[in-house]
Amino acid sequence: MSQGILWPDEFVGRLAAGGRRVIRYDHRDTGRSGTVDFATDPYTWDDIKNDVYRVLAAHGLDSAHLVGHSAGGLLSQLIAVEAPERVRSLTVIASSPLGRGEGQVLLRALTGQPQPRGSLPEPEQEFVEFLRALMAAPPARDRPALIDSMIAEQRVLHGTGLPFDEDAARRLQERVYSRARDLSAASNHRLAAGVSPDFEPVDALHRVKAPTLVIEGSHEPVKPGHGALIAEQIPGARLMTVAGMGHTLPLETHQELADAILTHTAE
């Protein structure tokens, strides 16, 4: 549900300065990408995943180093499973292991249902309570109110390990708002998940052949401990913990993240 600019300019600049050609893009129904009326033109998460192949083809690339964050990390895992020849290396940040039903874990947490034995760790309570309040609140009526809501969400996702820069968050969310053709269209991604609840293959990560780096923040509020589970299932994967990082990519982490990715993609 994110635009490409959620990969911060400063972070991308460090990768480019390190000699990498970096492609970031707006997912369908976000930013400057096209939007649809989901009721008349539905799609699935398999279609969102296939957009990655379309972006590669548009740039004339047979393969690439994939770096995915959160749901993007899930898509990257799936591509590494189904098309290993397309993935030179895999970097997964703040994500959940493929096929473990992270969405169902979140839904049970939101509704107060017990988690079955062997389920993924639940999100932090602060994040769960924020989502509950967000779903119960009336929609924001104007741009200032919506921007404030977006900043509040970013604050919770940021976690408690590093100071939260509200001015920087406001600049980012103002930019997100201004770039969007239809900001509400991003919610179509949730509808797409409902169309294809069995989108993720189960017990497939052992088939990943690409060199894999898994990155998780020490203060991850949404998928705490999920990174270690990914690294356990992918042969030869390395796990990196970034001190203070939550579910976002704050300025304080850019150098460490960029150095790790530059090293990983040089192998």
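The values are calculated or read from the model by the stated rules, or taken from the named source; none is laboratory data. Everything quoted here is computed from the prediction, not taken from an experiment. Neighbour counts run over all protein chains shown; Cβ positions are idealised from the backbone, glycine included. Heads up: the accessible areas ignore ligands, DNA and RNA and are worked out on the full protein's heavy atoms, side chains in. Shrake-Rupley method; radii C 1.70, N 1.55, O 1.52, S 1.80 Å.
The table below gives the values:
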quantity	calculated
Cα shape, the range 93-156, gyration tensor, a/c 1.5 rule	prolate
Debye, to nearest 20: dipole size of the range 193-267, +1 on Lys, Arg Cβ, -1 on Asp, Glu Cβ	140 debye
Separation of alpha-carbon centers, the range 84-141 and the range 176-208, rounded to whole Å	12 Å
Rg/Rh ratio calculated on Cα atoms of the range 107-196 (Kirkwood radius)	1.00
Gyration tensor (alpha-carbon) shape descriptor, the range 186-251, a/c threshold 1.5	oblate
Met240 long-range amide H proximity, modeled H, under 5 Å	Val214, Ile215, Glu216
Residues with amide H under 5 Å from that of Thr91, placed H, sequence gap 5 or more	Leu66, Val67, Gly68, Leu213
nm² value of the averaged projected area, convex hull over the Cα atoms of the range 71-220	10.9 nm²
Cα extents of the range 160-211 along the three principal axes, largest first (Å)	43, 31, 22
Whole-Å semi-axes of the ellipsoid equivalent to the range 28-129 (Cα gyration tensor, √5λ, descending)	28, 19, 12
Surface accessible to a 1.4 Å probe, Lys49 within the full protein complex, Å²	10 Å²
Total charge dipole magnitude, the chain, about the Cα centre, Cβ charges on Lys, Arg, Asp, Glu only, Debye to nearest 20	380 debye
Shape call, the chain: gyration tensor on alpha carbons, a/c limit 1.5	rounded
